[in-house]
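What follows is a short report on a single structure.
The values are calculated or read from the model by the stated rules, or taken from the named source; none is laboratory data. For clarity, every value in this text was computed on a predicted model and none was experimentally measured. Note that each Cβ is placed from the backbone with ideal geometry, even for glycine, and that neighbours are counted across all protein chains shown. Remember, those area values only see protein heavy atoms, side chains included, never the ligands or the DNA or RNA. Shrake-Rupley method; radii C 1.70, N 1.55, O 1.52, S 1.80 Å.
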Amino acid sequence: DGGITQSPKYLFRKEGQNVTLSCEQNLNHDAMYWYRQDPGQGLRLIYYSQIVNDFQKGDIAEGYSVSREKKESFPLTVTSAQKNPTAFYLCASSPGVGTSGRDTQYFGPGTRLTVL
Amino acid sequence: AQSVTQPDIHITVSEGASLELRCNYSYGATPYLFWYVQSPGQGLQLLLKYFSGDTLVQGIKGFEAEFKRSQSSFNLRKPSVHWSDAAEYFCAVGTPGGAQKLVFGQGTRLTINP
């Protein structure tokens, strides 16, 4: 089955530790995205990548880092510099460039990160 | 920069009643518009999208939305809701060209009374 997988579903870390969230897609999509969701708020874009080995900061990139070494993978690292990392993190992918601009994002199931 | 407003944080309707969720956007040209639904603790599922053409868009699960340029709105409707429609609904705006940078509204939580 084609889709987007995020692991783990729940993640607990101690304050001051870096943690990496996994996102994999087998949809052959060019573009991938990371969003953060806090209770009662919409989604905010952290980073996005339109092609392999390239990525751009979104609206709230501070305290986060990403890599895009493979088309199907876009891991997100939450660093100790992120002041309030406890949140629900959603990964998405889209066909991206070459779609005449009519791009549509599809979402993974999310990872809930709790920093103790 | 574009923005999205969903004026209703929480809506409660009875099962079988009709539903309308409001979405207003701010953007200089005609944007690309999306409605997503999220069940608790889950990812987002695409309900429908508008790029151009017919302003009444049909989606999955019996939902439809109408783009009204004059009102900068893209309201979501369903003629008769089911208990399984209880969820959070997000409206999003994208800009034409390349990979989409979506801007999301704050969401509307829908509760269904039996």
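Using a 1.4 Å probe, what is the accessible area per residue for chain A, in Å²?
Computed with neighbouring chains in place, this is 48 Å² per residue.
Report Rg(Cα)/(2.2 N^0.38 Å) for the protein assembly as shown, keeping two decimals.
My calculation over the Cα atoms of the protein assembly as shown gives 1.01.
For chain A, take every pair of Cα atoms, bin their distances at 10 Å starting from 0, and report each bin as a whole percent.
15, 49, 30, 6, 0
Pick from A:Ser22, A:Ser94, A:Ser80: which residue has the top mean-square fluctuation in a GNM of chain A where Cα pairs under 10 Å get a spring?
A:Ser80
In Å², rounded to the nearest 100, what is the total accessible surface buried by chains B and A against each other with a 1.4 Å probe?
1900
Counting only other chains, and only Cβ atoms inside 10 Å, what mean value do you get across the residues of A:40-48?
Numbers: counts 6, 4, 12, 11, 2, 4, 0, 0, 4.
Taking the mean over all residues of the peptide, I get 5.
Considering Cα pairs under 8 angstrom that are at least six residues apart, work out the relative contact order of chain A and quote it in whole percent. Working shown, then result.
Details: 297 pairs, mean separation 39.9, N = 116.
About 34 percent, as a whole number.
Tell me which residues come under 5 Å, amide H to amide H, from A:Gly110 once H is placed; ignore anything under 5 positions away on its chain.
When sequence neighbours closer than 5 places are left aside, the close amide H contacts are A:Gln6, A:Cys91.
Below 8 Å, C-alpha to C-alpha, sequence gap of six or more: please give me the relative contact order for chain B in percent.
37 percent.
Ranked highest first by average number of other Cβ atoms within 10 Å, how do B:36-43, B:101-108 line up?
For the peptides B:36-43, B:101-108, the packing ranking is B:101-108, B:36-43.
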